[in-house]
Structures are given as C-alpha cells and as structure tokens.
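Notes follow the structure.
The values are calculated or read from the model by the stated rules, or taken from the named source; none is laboratory data. Note that the structure is predicted; figures quoted are calculated from it, not measured. We place every Cβ from the backbone using ideal geometry, glycine too, and count neighbours over all the protein chains shown. Surface areas here come from the heavy atoms of the whole protein model, side chains and all, with no ligands, DNA or RNA. Shrake-Rupley method; radii C 1.70, N 1.55, O 1.52, S 1.80 Å.
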Amino acid sequence: MKYAVTFAEKHGGEEQSTLARQMARTKRRAKLQALALIAPLMLFLVVVLVLPIGTLLARGFDNGDAAALLPRTAEALSAWNGQDAPHEELFAALAGDLKEAAREDVAVLAKQLNYHDAGMRSMFLKLARKVRTAEAPYAPSFIEVNEDWSSPRYWRALQQVMPSVTDFYILSALDLMRDENGDIASVPPSTAVNLEVLARTFTVSASVTVMCLLLGYPLAALIARSRGTAANVLIVLVLLPFWTSLLVRTSAWVVLLQSRGVVNNVLAWLGMIDPEAPLDLIYNRVGVVIAMTHILLPFMILPIYSVMKGIPPVYMRAAASLGARPLSSFFRVYLPMTMPGVSAGCLLVFILALGYYITPALVGGPRDQMISYFIAYYANQVTNWGMAAALSIILLVAVLVLYVIYNRLVGIQRLRIG
Amino acid sequence: MRSLKLMLGGAAIAVVASAPVLAQDALTVTSYGGSYTKSQEQAFYEPFAKETGVKVLQDEWDGSTAKLKGMVETGQVTWDIVDVEPGHALQGCEEGWLEEIDYSKIGGREGFVDGAAMDCAVATIVFSTIYAYDASKFPNGGPQTMADLFDTEKFPGPRSLRKAPKTTLEFALIADGVPTADVYKVLGTPEGVDRAFAKLDTIKKDVKVWWSAGAQPPQLLADGEVVMATAWNGRIFDAVKNDGKNFKIVWDGQGQDFNLWAEPKGLKNKELADRFIEYTMRPDVMSQQSKYISYGPTKKTAIEKVPADILADLPTAPENTKNSFVVDAEFWADHDEELTERFNKWLAQ
Amino acid sequence: MNERFISFEAVRKSYDGANYVVRGLDLDVAEGEFLTLLGPSGSGKTTTLMMLAGFEEPTHGSISLGGARIDSVPAYDRNIGMVFQNYALFPHMTVGENVAFPLKMRGVSKSQISERVSSALDMVRMAGFESRRPSQLSGGQQQRIALARALVFEPRLVLMDEPLGALDKQLREHMQIEIKHLHERLGINVVYVTHDQSEALTMSDRVGVFSDGVLQQIATPHELYEKPANIFVAGFVGENNVVPGEVVDIDAGLCRVRTPDGSVISAVAGEHVRKPARVVVVVRPERIVLAREGDEAANRFAGKLEEVIYHGDHVRLRLNLLGSEGLQVKLAASAITAPFSLGATIHVGWRPQDCRALIQS
C-alpha cells in the first residue's frame, strides 16, 4: 500500500487512482489465494476441534427438553410455589403427559431426574408404567408408587429439569447446589469432592513438572553438548518411553517400586533399609510422581534441548571473557537464554499431566485420583455428559486462568517448542 | 487389527443393502477382547460358522455406551450383536437403543438363573466378584466367610479392594451381618449406606491398594503386596490354573453378575443375529464356554451339562451359591453416581 | 615499553593427539601493539587467538601475558576483552545490561557502573541506546556495542575474532578506521584475527601470516607487502605474478634467474637463495610498466596481449610472457595513450628491486 501511495503522489490525477485500484485488486487476490490455501486446514480445525469442544462445553449447560416432553406438567409446575403439598392438578398434568410421551424420552428424563434425587430414575419409570393404565383421580396411583409423590420432594426435582438451560452441573462440579429456596449452597461435606480433586490435580501436575525440569534440564544440556553417535543414542533413550505402551510402562514401575520390588530389594541388599520395613514407593503420591515424571520427561527434554542446540557456545565464551565464573555464566547467561525452552517444556508437561488418569489410578493411592479420572467416569461409565462437560469446563477455565498468569510472568511469545 | 475387523464388518454390512444373498454370510459380534473373547470364539463363533456357514466378524468395544448409542442414533449400525453388561441392557432398553429379546425362541425366561433374562439382553455367562487369598500366608487355615475379609485380627495382613462402590459396599454390609437377600434393601436407605461405610472404616488402614483394573488383584497377591483381595473369579481361576498360584477363592457372599448378548436397534442382520443367539443358548453349546474360561452358564439346562470338576470352580455351582447375591443393575443405575461421589470422598479422607 | 608483553613460546596445539593445528609457535607482541593474525581458514590463527583468550589450552609450550604465565589461568580470570565474529551480545539483556555485564562480574558499584557504561557507549557513539535490545540494532550498531562491552572494564588486551566479517563492505571499511582510532586513543593491545588481507594491512602495526599451523612471516604491513618471506606470503598478501626459473648468478643480494624460455630476470634474492637453485620470481602487477621498443631496462620483455579488462581507475592486461600464460599487468588508466589491439606484441618491464626470487618449496 505504501508503494501505491508514493507512486500515486508522483503521477497524480486519473491515472494514479486506476493504478492504485489495480494494485489493491492484485493484493486482494493474493490474500484470497492465501485464504483458499489454508481453508482446508481451517475447516479441519473447525470440524475436529472447535465443534466437538464447543458441543461438549454446551452440554455442561444443556438441560434437555423436559418442558417439551411434559408440556402440561411444565405449565402446572410454573403455577406451583414449590412449598405446598402437590395437588390433583399436578398429578393429572404429569399423568396426561406421561401417557403421551415416548418410552425412550421418559427413560432419558428419568436418568436426568436421578441426578437431582438419587433413586428417582426407577421411581419415575415405575410411575410412567403405572399411569399409562390409570384413570383420574391420579393421586392414589402416584402414592401407590411412592408416598413421597405427595410431598414436594420429587416435584422440586421435576421443576429443576424444566428450564432448557441449567447451572446444575457447573454448581455440582464446584461442590455447590441449589437448596430448597433456590439459593446456592454447599453440598453436604460427605460428597464435596470435586474442588479437592481439582486442587490435587494441580498439585500433582506441578510436582511432576518440577521433577521433570530438575531431571530434564541437565539431561538436555548433556545431549546438546554431545556430538554424533553419543547424541543420537541419548535422544533415542529419551524417546524410548514413547515406543512402549502406557500400561507396560506403568506396570514396569509397579515391578520396580512395590514393597518387594527391585528398588526395595536392592536397597535392602545394600543394607540401606530394613528388609522387613520396605519403603512405600508405590500406591501413593511418590509412585504417581515417579511414574508420571518418567512418562512426561521427553516433553520437557525435547523443547529445552532444541533451544539449547540453537545457543552457540560463543555466548558462554563471551561470558567467560567478560569475567563471569562458570556458575554466574550459567545463571546469568545460559539459563536465561534457555528460558524459552524451559517455559515451553513446563507448560507442555503441566498441561499433559493434568489429563493423566490411568497412571494415577494404577500406581496411586486413594488420595491420588485426578480430575480426568472423574471426567472419564462420568463420560464412559455412567454417561452423564452434563457432569463430564461441567468438570471439563472447570478444568479448562482453571488452565486458562493459569495460562494468563503464566503469560504475564513468562511471556508466551517467548516460548519455543522446537 | 481391530480397525481392520471393523472395516471388514462395515464392508460386509455395506454390501448387505445391495446384495441380500451376501448378507447371509457374515455377522458382526462385538465383545471386550482378551481371553474372554477367545473363549467365545472357541465355544460359539467357530462352531456356529461351521454349522451354518456364516462367518462371524469380530469387533471390540470397552463398554462405553457413547459409541453404541451414536451408532443407533445415526442409523449407522455396523454391529449385529454386542456383549453388554446389565447396566447397558437396562439403559438401552429404557432409552430404546436395544432390541427386545424374544424368549419364546430360546426356551422362555424361566429356563434362566435369576436376573439372567433381561428384557433387551440375555445373559450368556455368570461371573462373580469374590475375594481370594494367598493360601501360603495362612498355613493354619484361611478365611472362610465375608466377615473374615474384614477381620484383621484373626486374619492380619494387607488387603486390596476394588476402587468402586459397586460390590464393595455390598460386601461390607454382608460382613456386618446383613443377609444377602436384604443387601439392596439396606443399601437403599441412608442409614444402610452409613453402615456400609462404617464397616469399611474398620479396615481402611489395612487396604494397601484400591484396585481399578481386573488384572491387578492376582498380580498383587502374586507379588505378596497383599494377602487377600476382592477380584473377579475368572482372574483368580486363571492365575491358579495357568500360573500355578496357590490362591483360594472364598465364595461366601459372592456377588454374581452377567455378561449378555444384545442387539442394537436397527441392526442389519436381525434374522441372522436371532439365529446366532438361539444357537448359543442351546444347552450343549452354552455349556462349552466353561471349558475355556471359569464363568458359568446362565441356563439351568446348560449348568447340568457342565462336568463336575469344571463346575466346582464356577460361580453357579450349587456348592458356591449357598450365600450369594445377584448384583442389582436397577439399584446401581439409580445410585452409582451418588455412591461413587461418596465413596471417593471417603477414600480421600 | 615491554617488547614481550605477550609471548608464545614453542606453543603447539592438537585436538586429536595426531595432527597439530598449531605447530611450534614463537611469537612476541610489544605493549600497545596492534597485531593482526592473517591466514586462510584452518591455518591456525583462530586457535592461536583462542589459546590466548583461554578457551583452548596449548598442548605444549607456554603463553605469558605481561610477564606472567597464563596458560593455566581460566578465561574468566585473564582480564582480556574479546569481540566475537557474530558479536555474541546476550539477547536476553538490554544494550545497557550487556555493557554493564563485565563490570557487574567484577563487583563494581552500581553508580560507577552506570557512569562507565554511558561513557563506553559514548566512546563507540552509541549513547542513548541503553534500553534497546540487541535484536533491535543493525549489524554495525551491534558491533559497536560488542566493542564497548569488551572495552568497558579497561582490559590490558582486546582480542577480536573476525569482528567485521558479517558487515557489508562499506561499513566494514568504516569500522576498520574506527577500531584503529580507538586503538590509537586508548593505547591498549589488540590482537585481531582476519582472513581479509586488506583489513590486515590497513589496521595493523604488525601482521602475522599463518598457513598450515605455522607462522609464515610476521612483519609490518609495508614489509609484508614489499618483502614477502616466501611464496605463500607473496601469493596471500596482495597480488603477485609468479615466474619459475633457475638461479644462474647471485651477487650482493641481486640474482639473475633464467626462465624456461631462456630469458633472464634480475631480481632481489630472497632468503636462502643461492646458485644453483630452483626459484620463482614474484612481481606485482602494478609494478610492471609499459616500455617502448629499444628501452634498455634490466628486465624488459615482449609478450603477446591476450586480454584487456577495463576497471575504470585502472586497466588490466593479460599477457603471454616469459613462457608463462596469464601474466597480469595493472596500469593506471591515465598511463594509456593509445588503444590496445588483441594479439599484438607488447613490451613491458620492471625494476629489479620490484621483483624477488623466492625458494621454491
């Protein structure tokens, strides 16, 4: 554009504006061509990343369409104050709706109601079967299924599933719930587990990241300094964990770390520990950190190594020639210059660690389950997409917050993966 | 390999629409893999193929319903028969993504053991959650009852229990004196749940490992990490039979559970699938599977056909079912999440 | 003035234990001297500089600085400033922090640091650039900062390893003068490594020419140019025509050399030249002049003109002369009065003192 303007200034008049237009057109065409070239990739990203993640996140707020399934009940419930004993009008509305509703839809709704009141699933299904053949007045049929239908309890659960959007899952993921008055309150302490798990997930990930850094940095430096075959062999050794399955690696740690495992046997043989009182190296946090550090170490080493590889030795020589002793050259020159790799490695390991659950499940103790374990439980075992999505949202938000803080401290533009 | 099988299965079904003749030639059965599927192959797939000329294509799944549901919802049903758990069968039936089973063709519901004949799935095997111990650790006689699992004074040593409330809470109640018939009645009340957790409290410090994968308990026993562990009976049987371990199963208080055949709604080879299920339900066919894996038949007439020496190791043997319960799929469909939350909270305390 | 401020004695260096990259170096540098080490790559000049800086240890021999042996003193204790080929400015520090670095390492107080940093930046005419990052500067500016950083702690000696190699020609020539002026003003020692002979001649008090791990000649630029010690130096420093021949007569430093075509050249006898010996006669293209037919100079020959190349300020002729092809003659454009015709016979000549006979190795 700049060129077009200066050119125009020189020539002036009619001619110049045509020229500027032509150039603008050429430029536009080049831009469109570039866009067309990346369009397949964009489309791919949208299809495999943006859409699925967007859908999943939306599920954290999706409350289904109970109101469409039970229109009369929805209307009757909106007139009900949530405190009074349910009256025949409610019974009749629900019975009428259930008579017309498809069996599959009722089952899905029953499962959803069960989240609000455990046990309500079978109760609701039984009710649906019962009222299909019942006639007015309906109250006796309801009470025959369960006496509680005459109390506000189940009707409140029904009221909760009526809106099409809900904060129920997000609140549950934060150990919160709506109490009888609709106010936000803490869940009973006996089931308040999610925040603790979230904190634990971050603690474990942070410990693993620190361990990876402490072990990976010197190793990366060693590889960066090695030449030829030695460097290649070291790289292969670092990459070796990638070539075995996660389960094999984890089982190998069980063999090594258990109370009569290789490590304890060797220590006992060396007389460093009492064979009758072996160290507890597994089925606790120690085992989790060891096994995860092993698995994630390459993700720390490779970015640091690639940054180190790009630092010519001349900088260390320069530091020495300027009077810096080896330790100061390391801390003031080398370490800061490798920081882009260190920050990239730390971020990579930390975020990968957040998603681990098989390893903690196999080598951890009861207090070492991470949040992904629960996400997998809700998604795979009980197909409660709402809770799975809500926990994912909490994790995602926590990571984003952390990322913003990290960005302030380190500066993401300085990251170098390779 | 798995994806290849899947592709073959998909291809076979794709061909079906245009060439009905070919449809007669292949059936896709989906199961969990491993030694369990191997036993199905030997007992069912191969003889069935031999008898009818229908090739059985295999696929694997991990029991997560999302894929199966998705198949039915999108109309892309590539599986004809799926090996499901009772929970799937219940949910699939209610939500309408499984076909109903026509029991008139397979000898009526009453021919099956309790709980095996579900509306939308029919059980092929009974497996059991039991506890086992390392006999070498108890030279003066091992534990006999469920209560012994919780008795760390009489039978000291570290234990391993399953890291899930299902069966673990039932065991706790049985050990606390609840009759097996009343387990779910008690567990259905808040007091019952408290009682189960209170019983678990008494051995919490002795539970060295909470296992999550079925392969762990025999390994933990073999490594001497624990002296007794709850487990799935097939895993222990396998360790005894194939690895020569001196493990003993305590059948008292065992929780029986099923694996079942189900047909996804909208399957392409309904007639063939029905024929396959009918085939596997013949007593002399069904009784074959116990030869290859220590899970029991579900049909009473098939149990009679199992040789006595094999029967002794099966969950359905009369000797082993004196004090047992059937895991209640309905109960767990209602309470799994609630109790899992509580269980995890309890574990973390 | 200390004539042996820096001294290499019988220094040898081998990396692999089999091949020496520096073999037997004896070299003295006087205090305040600007010495350039010149040579092609792999000649041993850079290794020599690295040993002086302390980044390499000599395999044999000793190095001393200001009378004290330094070959086992670590680099950070030698107090020698160094400017590197690609400047080696620390990218994570600002210009100010870079220049302050050596002072910080020496525990200089904060207030003094900022004072000395700004005067060092002043010296290289980069005042006001303290808070910039090296990546925001041009090559020439980075070079000045590197200089300031190497000089700010007032070292006794500054080493420069091809510091201008990455700059374009004009800037390089400008910086050469600037470095030379800095040297004159500060009076410190500079040891400068380059493979660019014109740079070496422009800047140095003395130039040491390296080839094959051996110091071929060390001399002032003038002496190096006028009196190359051997064929390598003659060919590496400036241009030279080379005519092989045999010594037929030698007397009082002058010798007569017979070329293969039977002509005889009078030349200054180089070292070790005696009769008989196979030698080459070297004569610089710009010392050859056009001669008229019949002029009776000592070295006067006729040859066939092969090519004429016009260079603006001068013209180059390529002649077939004395049995050698491609003899180069460089004439000032103003000296040409008539046009040349290719293939014509041209008469040229030069003074005996403008050519040297050197032993053929």
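List of remarks:
- Between B:Lys291 and A:Ala230, the modelled label-to-label distance comes to 6.3 nm, taking each label 7 Å out from Cα in the direction of the beta carbon.
- Dividing the summed -39500 (n - 2.57) terms of all DSSP H runs of n ≥ 4 by the residue count of chain A sets its mean residue ellipticity at 222 nm at -21500 deg cm²/dmol.
- The protein assembly as shown: Cys lacking any partner C-beta under 4.7 angstrom: A:Cys212, A:Cys346, C:Cys255, C:Cys355
- Calculated FRET efficiency, C:Ile336 to C:Leu182, Cβ-Cβ distance, R0 = 41 Å: about 0.50 to the nearest 0.05.
- Label-to-label distance, nm, for residues given as A:Arg25 and C:Arg106 (7 Å Cα→Cβ offset): 6.8
- Cα centroid of segment A:111-184 to Cα centroid of segment C:90-116, whole Å: 73
- Between chain A and chain C, roughly 1800 Å² of accessible surface gets buried, counting both sides and using a 1.4 Å probe.
- With Cα atoms defining each centre, segment B:41-113 and segment C:18-80 are spaced 84 Å apart in the structure.
- Mean separation of Cα contacts under 8 Å, 6 or more apart, over the residue count of segment B:38-178: relative contact order %: 13
- Take every Cα pair under 8 Å whose residues are at least 6 apart in sequence, average their separation, divide by the length of segment C:241-359, and the relative contact order is 33 percent.
- Per-residue Karplus couplings for segment C:36-44, computed as 6.51 cos²θ - 1.76 cosθ + 1.60 with θ equal to phi - 60°, are listed in order as 10, 9, 10, x, x, 5, x, 8, x Hz, Gly and Pro entered as x.
- In this calculation the C-beta distance from A:Ala277 to A:Ile143 is compared with R0 = 60 Å, giving a FRET efficiency of 0.45.
- DSSP beta bridges fully contained in the protein assembly as shown are about 70 percent antiparallel.
- Pairs of Cα atoms nearer than 8 Å and 6+ residues apart set the relative contact order; for segment A:194-414 it is 27 percent.
- Here the accessible area of the protein assembly as shown is 56 percent carbon and sulfur, with a 1.4 angstrom probe and all protein chains present.
- The contact residues of segment B:222-241, meaning those that lose at least 40 Å² of 1.4 Å-probe accessible area when all protein chains sit together rather than their chain alone, are B:Asp223, B:Glu225.
- For the protein assembly as shown, diffusion coefficient by Stokes-Einstein and Kirkwood Rh (Cα), 10 °C, 1.306 mPa s, µm²/s: 41
- For segment A:110-141, a decrease in accessible area of 50 Å² or greater in the assembled protein chains relative to the isolated chain, with a 1.4 Å probe, applies to A:Ala118, A:Arg121.
- Working from label points 7 Å from Cα in the Cα-to-Cβ sense, the B:Ala198 to A:Asp179 distance is 2.7 nm.
- Value of [θ]222 nm, deg cm²/dmol, for chain C, DSSP H segments ≥ 4, -39500 (n - 2.57) each, nearest 500: -7000 deg cm²/dmol
- When the accessible areas of A alone and B alone are added and the area of the pair subtracted, with a 1.4 Å probe, the result is around 3400 Å², both sides summed.
- For segment B:135-268, the solvent-accessible area works out to 38 Å² per residue, with a probe of 1.4 Å and every protein chain left in place.
- Beyond 23 Å in Cα-Cα separation lie the following of the pairs B:Lys248/B:Lys305; B:Lys163/B:Lys199; B:Lys241/B:Lys291: B:Lys248/B:Lys305.
- Counting lysine pairs in chain A whose alpha carbons fall under 24 angstrom apart, excluding pairs fewer than 8 residues apart on the same chain, gives 9.
- Threshold 20 Å², segment A:306-330 residues less accessible with all protein chains present than alone (1.4 Å probe): A:Val314, A:Tyr315, A:Arg317, A:Ala318, A:Ala320, A:Ser321, A:Leu322, A:Gly323, A:Ala324, A:Arg325, A:Pro326
- Taking amide H as placed 1.01 Å from N in the peptide plane, the amide H of C:Ile70 sits under 5 Å from that of C:Ile63, C:Ser64, C:Leu65, each at least 5 places away or on another chain.
- Accessible surface area normalised per residue over segment A:275-378 is 33 Å², counting heavy atoms of protein chains with a 1.4 Å rolling probe.
- Compared with the dominant principal axis of the Cα atoms in chain C, helix C:169-186 is inclined by about 60°.
- Taking amide H atoms as placed 1.01 Å from N in the peptide plane, the amide H of C:Gln85 lies under 5 Å from those of C:Asp161, each 5 or more residues away in sequence or on another chain.
- Whole-Å semi-axes of chain B's equivalent ellipsoid (Cα gyration tensor): 37, 22, 18
- Neighbours of C:Asp161, meaning other residues whose beta-carbon lies under 12 angstrom from its beta-carbon, give a summed charge of +1 when Lys and Arg score +1 and Asp and Glu score -1.
- Sequence-distant residues sharing a close amide H with C:Val22 (under 5 Å, placed H): C:Lys13
- At R0 = 35 Å, FRET efficiency that the Cβ-Cβ distance of B:Asn242 and B:Asn323 yields, to 0.05: 0.80
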